[in-house]
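The values are calculated or read from the model by the stated rules, or taken from the named source; none is laboratory data. On a predicted model such as this, the values are computed, not experimentally measured, just so you know. Positions of Cβ are backbone-derived with ideal geometry, glycine not excepted, and every protein chain shown enters the neighbour counts.
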Amino acid sequence: MESAENDSHSSILYAFWPDAELPLFEEARCRLEGWATQSGEGHENGAFWSQYFTIPEHPVPIHVWAGPRGEDLLFPSFKEVRWAVEEERQKAENAQWLLGIETHLNPIDPLQSYHLQLGFCMALCPNSPAIYDACSHTLRSGSEIERLTSSSVPPRTNELFSIHVVVGSDNDGAKNCWLHSHGLNRARAPEIDLLEVPETLCNAGYHLINGVAELLIGSDLPDAGEAFPVGHDLKISWKPWQDVLKARDSSLGGLGDRRGIANDHGGYRYVLLDAPENKESTPEGDPSEEGESAEKNATNEKPPSWQSPLATLEELGESSGVLFISRRETERMARLAKERWAIFGMLFARHKDDEVEDWRFLAKLGYQVEDGDSSEREHLWFEIKEIAPGRLKGLLLNEPVYISRIKEGDEGWHDLELLTDWNIVSNLGAFNPETADYLWDAARPGEELPS
């Protein structure tokens, strides 16, 4: 296994200051009293003040500074942000000052570190209308940050990074996509690229990058060029972008897209490739094939040393491919599902018999596999029919692979301790424990969330 590069990249957030007056250091210090300890003076070009703080759960110093908003930060469109109310958006657009919050995440558990950093932001500036994540180039509303930090469970991996999609055309006019991540370096993981993805498989590419990142955050990284599994019967490989893009200057995502102001598309970054054993080798002694290969290289097309994982993307696109979920993520999802079960229960009680709107309530339960380790679980989806204290009654929706005592279509009572995830499908869309509070706001406007 290869280790991550030493350049871990700091995690930088900017909190929009809601008031017209400059945020004073004394005001920040008072807000953090009892939460964080001042540990030294910092330095930041153009800042009015700069200080370091520490908190017990995160011994790495947190650098805080105040300065003008300026024009040097390229914020995403304010229209793409989910604002709680119009006033929140207006305050964010009119903000004149920013508070910078910079630290290094714990590489063993970067999601927990990131959760603490977001919580630090809310303690420092509880009325901030927006937080800009400079690593993932993501702008979030203050109300969304409040939702993320109100839970004791850290956010899912995809909150740590973003995926940008660039669409281009080849010589035949076919649409191809270049997908690439921003934000993973701060977790001491490589950023991830996919090249030459047909536009029809762009959504599958998005899910593949998300799945690979989730599997590898906080884990040992596979060796470059070697196959590694990402799902059931799904294997891919990867290589540093420099090895893949030799002599590829003008193509989409090539060397020309990684110079100058686009240099954040370089650095510690890997390209996802097909697994070596999935590639069709050229028959020995076939001069026509060798000549064709040489001609392709001469015209700056895809060299024979790499191939995008198109077969894997096609399986994911057809919903026949299933990506693995790490044990860490399974445990995180289960904690959140139980923590927010009250939302599920209240909405189930009020909408399960709704004759006008068609609501479906689904829960995933983890059962110990037969003839396996005590920690191995098969996760099965049930459509919920009844709920009682500490248990639920559900109809099994899929056929178990490793459990013989229950079958698809069986209906019965199950212990709530087995809960690992849930989903509510309504006329408003599909919602899970991560997003169910949005459904609550839409379905029960003005009502407080159940605790």
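Out of everything in the stretch 205-227 that is within 22 Å of E331 (Cβ to Cβ) and touching a Pro at 6+ places or on another chain (Cβ under 7 Å), what residue ends up being surrounded by the most Cβ atoms within 10 Å (Cβ to Cβ)?
This residue is I217.
Given the structure, is L316 crowded, with 19+ Cβ neighbours inside 10 Å and under 26 Å from D437 (Cβ atoms)?
The answer is no for L316.
Could you grab me the full set of residues in the stretch 330-347 that are buried (at least 21 other Cβ atoms within 10 Å of the Cβ) and among the hydrophobic types (A, V, I, L, M, F, W, C)?
Answer for the stretch 330-347, where residues must be buried (at least 21 other Cβ atoms within 10 Å of the Cβ) and among the hydrophobic types (A, V, I, L, M, F, W, C): M333, A334, L336, A337, I343, F344, L347.
With the condition being touching a His at 6+ places or on another chain (Cβ under 8 Å), I'd like the strands (runs of 3 or more DSSP E) fully within the stretch 33-98 carrying at least 1 qualifying residues.
Fully inside the stretch 33-98 and qualifying: 49-55, 58-68.
Please find, among A28, A47, A15, A36, the residue that is of a type outside the set (D, E), surrounded by 15 or more Cβ atoms within 10 Å (Cβ to Cβ) and under 30 Å from Y438 (Cα atoms).
A15
Give the number of residues within the stretch 317-342 that are within 14 Å of L208 (Cβ to Cβ), touching a strand residue (DSSP E or B) at 6+ places or on another chain (Cβ under 8 Å) and in a helix (DSSP H, G or I).
0
Of these, Q90, Q96, which one is closer than 30 Å to L439 by Cβ, in the same structural domain as A28 (by TED's automatic domain parsing) and more than 25 Å from the chain's Cα centre (by Cα)?
Result of the check over Q90, Q96: Q90.
Got a number for residues in the stretch 124-144 being in contact with a helix residue (DSSP H, G or I) (Cβ under 7 Å, 6 or more places away or on another chain) and buried (at least 21 other Cβ atoms within 10 Å of the Cβ)?
Residues meeting the conditions: 8.
So in the stretch 327-349, with the set limited to residues that are modelled with pLDDT of 90 or more and among the basic types (K, R), which one is farthest from R377 (Cα to Cα)?
Ranking the candidates gives R340 first.
Could you list, in sequence order, the residues of the stretch 152-191 that are at pLDDT below 95 and at positive phi?
Of everything in the stretch 152-191, those that are at pLDDT below 95 and at positive phi turn out to be G173, R188.
Residues being in contact with a Phe, Trp or Tyr (Cβ under 8 Å, 6 or more places away or on another chain) and either of a type in the set (F, W, Y) or farther than 23 Å from I145 by Cα (or both): count how many of those fall in the stretch 54-73.
Final tally of qualifying residues: 1.
Quick one: count up the residues across the stretch 424-451 that are assigned to a helix (DSSP H, G or I) and either small (G, A, S) or closer than 14 Å to L362 by Cα (or both).
Number of matching residues: 3.
Looking only at the stretch 356-412, count how many residues are not in a loop (DSSP other than H, G, I, E, B) and not polar (S, T, N, Q).
Residues that pass the stated criteria total 28.
To keep it simple, each residue is scored yes or no on (1) surrounded by fewer than 17 Cβ atoms within 10 Å (Cβ to Cβ); (2) closer than 26 Å to R328 by Cβ.
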residue: Q96; (1), (2): yes, no
residue: Q112; (1), (2): no, yes
residue: V167; (1), (2): yes, no
residue: V197; (1), (2): no, no
residue: N203; (1), (2): yes, yes
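Filtering the stretch 224-243 down to residues that are in contact with a Lys or Arg (Cβ under 8 Å, 6 or more places away or on another chain) and aromatic (F, W, Y), which residue is nearest to E315 (Cα to Cα)?
F228
In the stretch 192-202, what count of residues is obtained for those that are over 13 Å from P309 (Cα atoms) and modelled with pLDDT of 95 or more?
Of the residues in the stretch 192-202, 1 are over 13 Å from P309 (Cα atoms) and modelled with pLDDT of 95 or more.
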